[in-house]
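Peer 1: Got a structure here, written out as structure tokens. Questions coming.
The values are calculated or read from the model by the stated rules, or taken from the named source; none is laboratory data. Predicted model only: the values in this text are computed from it and were never measured. As a convention, Cβ positions derive from the backbone with ideal geometry for all residues, glycine included, and neighbour counts pool all protein chains shown.
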């Protein structure tokens with residue numbers, strides 16, 4: 001897919017060399033003295049000056065040239081547009097400029113029938129992927145062709161941008177595409193024959209980050225490719241043992257982004273990041289459990305358990321989540337104002353089962369007031385005006401750290417002893433572990449909240 005941007009040494013192509021090296025003075029002089037040179041192309045690839053400027057990242061020259069060119073979608077030998085080359089080389093400023101002047105994001109090349117979205121995903125330019133998707137939302141593509149269809153657009157081999165990003169080990173692009181609506185279980189099938197899913201390609205490339213992202217978004221570990229292989233077999237064939245351990249059907253199931261959260265009409269971006277982080281932390285604990293005792297291991301976290309204990313000792317009880325009494329309240333239900341930690345919010349949504357009569361998932365409800373959750377935001381802890389916080393601080397100072405610890409344990413035992421449907425089943429999922437790495441309950445291995453085996 002990559003191409004050389006050599007402009008040749010012939011005198012008539014001196015303008016291309018000037019564009020490539022950013023000599024805007026010469027380009028202005030050529031535009032004044034002989035404008036016809038701007039419509040010349042390179043000998044073999046037939047690159048125009050727009051192609052050279054976009055691929056070289058010369059945004060000032062590109063802006064100047066676009067004032068003369070009425071059509072920003074000029075084609076080279078392979079029917080590639082300047083936008084495709086800018087996406088290929090990761091020239092984000094040029095991608096944005098071409099999108100602003102109306103460059104068509106739905107143009108296909110003649111090499112593999114790929115679009116600019118395929119190019120940016122293949123070469124791992126996540127910022128270009130995001131810019132192209134944003135342009136597609138506000139362009140006629142979203143109206144006449146469909147935004148969801150564009151995100152999952154296929155090349156001549158049936159590969160979507162998500163397939164290419166997973167194949168090339170581009171976890172940042174995988175995350176952007178999944179967040180924008182890419183189908184996690186789409187296969188490369190053409191004319192009805194089964195092909196490979198993004199998880200197969202991530203297993204083939206050995207990218208544990210891509211495997212982790214795809215599993216968290218619901219990728220099927222048992223889906224087979226054209227040869228009848230599941231992703232686990234593909235990973236082991238290419239000697240990617242760590243990926244194979246996570247993809248082994250006999251290992252614990254990963255936690256998946258809960259479908260009940262899709263019912264929340266307004267999910268604050270910061271709150272979403274907190275929930276995604278809690279999900280990834282929980283799956284990382286699962287991965288550590290799976291890889292424990294094997295020759296494979298995950299990178300050690302940068303935090304320490306000691307720092308976790310220090311932070312916990314500085315917290316007051318009013319800041320702690322009233323469900324697990326371990327994490328700080330970081331998520332707030334906007335309408336009723338009740339707060340809980342990201343781990344418990346995620347566990348609450350994971351525990352929400354579909355209605356057996358309709359097979360549909362019901363919207364999540366607040367565990368305190370039972371009202372339907374329609375908006376989640378980041379909790380704002382007011383340390384100065386919270387009266388209950390000051391009261392708990394007085395109790396902690398008088399009773400000491402030991403009594404404070406007993407108070408938390410007592411509340412936890414009361415909470416787990418309740419038969420309320422709001423909290424039942426949360427312990428079966430686990431507390432998702434602390435963000436800092438300390439865990440009072442593993443996801444699938446060493447849950448100790450109930451001090452008895454999980455049934």
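Peer 1: Taking the condition within 20 Å of residue 378 (Cβ to Cβ) and at pLDDT 75 or above, does residue 269 pass?
Peer 2: no
Peer 1: With 98, 183, 178 as the choices, which residue is modelled with pLDDT of 95 or more, touching a helix residue (DSSP H, G or I) at 6+ places or on another chain (Cβ under 8 Å) and either surrounded by 22 or more Cβ atoms within 10 Å (Cβ to Cβ) or not assigned by TED's automatic domain parsing to the domain that holds residue 39 (or both)?
Peer 2: It is 98.
Peer 1: Take residue 289 and tell me if it is modelled with pLDDT of 65 or more, assigned to a helix (DSSP H, G or I) and buried (at least 18 other Cβ atoms within 10 Å of the Cβ).
Peer 2: no
Peer 1: Name every residue in segment 27-61 that is part of a helix (DSSP H, G or I) and free of Cβ contacts under 8 Å to residues at least 12 places away in the same chain, in order of residue number.
Peer 2: 29, 32, 33, 36, 39
Peer 1: Just one of (1) farther than 17 Å from residue 50 by Cβ; (2) surrounded by fewer than 19 Cβ atoms within 10 Å (Cβ to Cβ); (3) at pLDDT below 95 trips up residue 124, so point out which.
Peer 2: Condition not satisfied by residue 124: (3).
Peer 1: Please go through segment 170-187 and pick out each residue that is closer than 15 Å to residue 87 by Cβ and not in a loop (DSSP other than H, G, I, E, B).
Peer 2: Selection gives 172, 173, 176, 177.
Peer 1: Examine segment 302-322 for a residue that is under 24 Å from the mean Cα position of the chain (by Cα) and either modelled with pLDDT under 75 or under 28 Å from residue 337 (Cα atoms) (or both), and state whether such a residue exists.
Peer 2: Checking segment 302-322: at least one residue is under 24 Å from the mean Cα position of the chain (by Cα) and either modelled with pLDDT under 75 or under 28 Å from residue 337 (Cα atoms) (or both).
Peer 1: Filter segment 1-23 down to the residues that are loosely packed, with under 15 Cβ neighbours inside 10 Å and part of a helix (DSSP H, G or I), then identify the one that is modelled with the lowest pLDDT.
Peer 2: 11
Peer 1: Pick from 135, 86, 142: which is in contact with a helix residue (DSSP H, G or I) (Cβ under 7 Å, 6 or more places away or on another chain), over 26 Å from residue 199 (Cα atoms), modelled with pLDDT under 95 and buried (at least 21 other Cβ atoms within 10 Å of the Cβ)?
Peer 2: Going through 135, 86, 142 in turn, the sole match is 135.
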